[in-house]
Amino acid sequence: MPADNLIRLADADKVTPTTRLVATLIFASSSTRSPRSLAVARHSENGPLFAFDNVCPHSGGPLHLGDIEDSGDGDLCIVCPWHSWSFDLRSGATDGHPTLTMDTFVVKEIAGVVCLLLDDLESAELISTTLVQTKSSTLKNSSRPPLALVSSMEPAKTLVEAAVRVLNTGSPSEKVRLAFETEERWKTGTLTVAGNGPSPPDFPAREESAFVAPGKIKKIGKGGNEASRIAILHSLANVEIWAIDLAFDAIARFASYTPAGTTTPLPKAFFDDFVRIAAEEAKHFSLLVHRLEEMGSGFGKLPVHGSLWDSAMDTKDDLLQRLAIVNVVHEARGLDVNPQTIAKFEKAGDEESVRILNIIHNDEITHVAAGQRWFSWICDLKGIDRYSTFHDIVRARFRGRLKPPFNEADRLKAGVDPKYYMPLSIGDTTQ
């Protein structure tokens, strides 16, 4: 089998009856290029490996947390922890519902490694892998409940509930998994918007981390050595984990938003955009963490700060302000600095990091575009000028002027023309 059609996932001895492997991949055949979550499990020590879609086809439950049971005829099935639907681990079939099947995949142990085997016409890119202990395992010396006990709760019924659940999840890997799951359930129509629901927290849940003030973060250098490049990637991963929360906070906090002076609610397309943005930020985080691990590091090995969330709290009462500051100021600033960061890694010959950073940059153009589009939509609905409104918000909610140089070409791709930012880059912005 060609190497391109064989994807190495993890050491085979890591997958045990109490430890499952969750792999996130992007398949070339996917028209949307959306990440897909697969689970790999085994029922007994040294028993056969099974790979299957991690999202239950019934209601989107996390199948990697389900029990493996004997169906009575010697075949094994996985039982979804949400509604106890069972699916054959080889065929994916479930009794009584011939049209409702779980996708299964071919995995083999080759030279001590779990390998995913793809069809000749298929290819895929591995985004991340995570080992997850099941609820039957024992987590010793742990101050928080096992992941399975958190994840196997009843499924969220609304997009707002799902968004708040992500915000209240401290584990980065579980936050990412929930982001992908929410996107999948939103696309398949098993979630409704429903503005009424739990309120988002003032501060998202976080695992214990070395939080410091932004000014106390050590300089990350220019990427000339591996330690500097690790610091840069770690800093970007921290941005991405906050960006997941920012997108879901916008969904939960403004689900019932109607622009002042109107009775028009946010259309479904708004939620389509922000669910997609959240899932892409989760993809970015996964790519960066995987790269950090390849370089012998990992997320959480360096101090982080939470200054991005200050903007969320500063704009928590007004979606127009949120879009202006988070999407059209902060994310657009990323478009300005990303090419410089990519150039540093190119100079160092770090081709894999360059590939990842280019993926992130191209996605971020669409994130800025979404923010600008909905900012303009609200302004048009209210009958106010978008440029002067943007200037007023930035002068009130952002300290200092917008600093050049600007990546005018990519800003323009996102619909952010110079009329937005040039008046704010010159002289005193407080007038």
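The values are calculated or read from the model by the stated rules, or taken from the named source; none is laboratory data. What you are looking at is a predicted structure, and each value in this text was computed from that prediction instead of being measured. Positions of Cβ are backbone-derived with ideal geometry, glycine not excepted, and every protein chain shown enters the neighbour counts. Heavy atoms of the whole protein, side chains included, go into the accessibility calculation; ligands, DNA and RNA do not. Shrake-Rupley method; radii C 1.70, N 1.55, O 1.52, S 1.80 Å.
Would you pick out the residues in the range 50-98 that are among the charged types (D, E, K, R) and either open to solvent by less than 20 Å² (accessible area, probe 1.4 Å) or within 20 Å of residue 18 (Cβ to Cβ) (or both)?
Those that are among the charged types (D, E, K, R) and either open to solvent by less than 20 Å² (accessible area, probe 1.4 Å) or within 20 Å of residue 18 (Cβ to Cβ) (or both): 67, 69, 70.
May I ask you to list the residues in the range 99-116 that are open to solvent by 60 Å² or more (accessible area, probe 1.4 Å) and in a strand (DSSP E or B)?
106, 108, 109, 110
For the range 150-187, give me each residue that is more than 23 Å from residue 286 (Cα to Cα) and at pLDDT below 90.
153, 154, 155, 156, 157
When the residues of the range 255-264 are narrowed to those that are touching a residue at least 24 places away in the same chain (Cβ under 8 Å) and open to solvent by 10 Å² or more (accessible area, probe 1.4 Å), which ends up nearest to residue 363 (Cα to Cα)?
Restricting to residues being touching a residue at least 24 places away in the same chain (Cβ under 8 Å) and open to solvent by 10 Å² or more (accessible area, probe 1.4 Å), the top hit is 255.
So in the range 55-74, with the set limited to residues that are in contact with a helix residue (DSSP H, G or I) (Cβ under 7 Å, 6 or more places away or on another chain) and of a type in the set (A, V, I, L, M), which one is farthest from residue 134 (Cα to Cα)?
Among those residues, the one meeting the criterion is 55.
Please determine whether any residue of the range 380-389 is part of a loop (DSSP other than H, G, I, E, B) and β-branched (Val, Ile, Thr).
yes
Among (1) buried (at least 18 other Cβ atoms within 10 Å of the Cβ); (2) part of a helix (DSSP H, G or I); (3) in contact (Cβ under 8 Å) with a residue 60 or more places away in the chain, which single condition is residue 327 missing?
So the condition that residue 327 fails would be (3).
So, in the range 265-287, how many residues would count as being buried (at least 18 other Cβ atoms within 10 Å of the Cβ) and more than 22 Å from residue 383 (Cβ to Cβ)?
So the answer is 16.
Only residues that are touching a residue at least 60 places away in the same chain (Cβ under 8 Å) and either under 27 Å from the mean Cα position of the chain (by Cα) or open to solvent by less than 20 Å² (accessible area, probe 1.4 Å) (or both): list them for the range 378-392, please.
378, 390 - these are the residues of the range 378-392 that are touching a residue at least 60 places away in the same chain (Cβ under 8 Å) and either under 27 Å from the mean Cα position of the chain (by Cα) or open to solvent by less than 20 Å² (accessible area, probe 1.4 Å) (or both).
On the given criteria, is residue 355 outside any helix (DSSP H, G or I) and of a type in the set (D, E, K, R)?
So residue 355 fails the test.
Just checking, how many residues over the range 26-37 are crowded, with 22+ Cβ neighbours inside 10 Å and either hydroxyl-bearing (Ser, Thr, Tyr) or out of contact with any helix residue (DSSP H, G or I) (no Cβ under 9 Å at 6 or more places or on another chain) (or both)?
1
Please enumerate the residues belonging to the range 38-48 that are surrounded by fewer than 20 Cβ atoms within 10 Å (Cβ to Cβ) and in contact with a strand residue (DSSP E or B) (Cβ under 8 Å, 6 or more places away or on another chain).
Passing the criteria: 43, 45.
When you scan the range 297-319, do you find a residue that is modelled with pLDDT of 95 or more, out of contact with any Pro (no Cβ under 6 Å at 6 or more places or on another chain), closer than 25 Å to residue 260 by Cβ and in a helix (DSSP H, G or I), even just one?
So far as the range 297-319 goes, yes, one or more of its residues are modelled with pLDDT of 95 or more, out of contact with any Pro (no Cβ under 6 Å at 6 or more places or on another chain), closer than 25 Å to residue 260 by Cβ and in a helix (DSSP H, G or I).
Pick out the one residue from 364, 351 that is open to solvent by 40 Å² or more (accessible area, probe 1.4 Å) and within 30 Å of residue 8 (Cα to Cα).
Matching residue, one of 364, 351: 351.
From the list 44, 30, exactly one residue is without any contact (Cβ under 8 Å) to a residue 24 or more places away in the chain and either assigned to a loop (DSSP other than H, G, I, E, B) or more than 22 Å from residue 180 (Cβ to Cβ) (or both). Which is it?
Exactly one of 44, 30 is without any contact (Cβ under 8 Å) to a residue 24 or more places away in the chain and either assigned to a loop (DSSP other than H, G, I, E, B) or more than 22 Å from residue 180 (Cβ to Cβ) (or both), namely 30.
How many of the residues in the range 173-206 are open to solvent by 30 Å² or more (accessible area, probe 1.4 Å) and not in a loop (DSSP other than H, G, I, E, B)?
5
Open to solvent by 20 Å² or more (accessible area, probe 1.4 Å), in contact with a strand residue (DSSP E or B) (Cβ under 8 Å, 6 or more places away or on another chain) and either outside any helix (DSSP H, G or I) or more than 24 Å from residue 389 (Cβ to Cβ) (or both) - does that describe any residue in the range 288-296?
Checked the range 288-296: at least one residue is open to solvent by 20 Å² or more (accessible area, probe 1.4 Å), in contact with a strand residue (DSSP E or B) (Cβ under 8 Å, 6 or more places away or on another chain) and either outside any helix (DSSP H, G or I) or more than 24 Å from residue 389 (Cβ to Cβ) (or both).
Select from the range 397-417 the residues that are free of Cβ contacts under 8 Å to residues at least 12 places away in the same chain and open to solvent by 50 Å² or more (accessible area, probe 1.4 Å) and list them in ascending order.
Hits for the range 397-417 are 399, 408, 409, 412.
Looking at the structure I just gave you, is residue 345 surrounded by 16 or more Cβ atoms within 10 Å (Cβ to Cβ), of a type in the set (Phe, Trp, Tyr) and assigned to a loop (DSSP other than H, G, I, E, B)?
no
For the range 367-374, check the following and say yes or no: at least one residue is free of Cβ contacts under 8 Å to residues at least 40 places away in the same chain, assigned to a helix (DSSP H, G or I) and not β-branched (Val, Ile, Thr).
no
For residue 334, which of the numbered conditions (1) more than 20 Å from residue 234 (Cβ to Cβ); (2) touching a residue at least 24 places away in the same chain (Cβ under 8 Å) fails to hold?
Among (1) more than 20 Å from residue 234 (Cβ to Cβ); (2) touching a residue at least 24 places away in the same chain (Cβ under 8 Å), residue 334 violates only (1).
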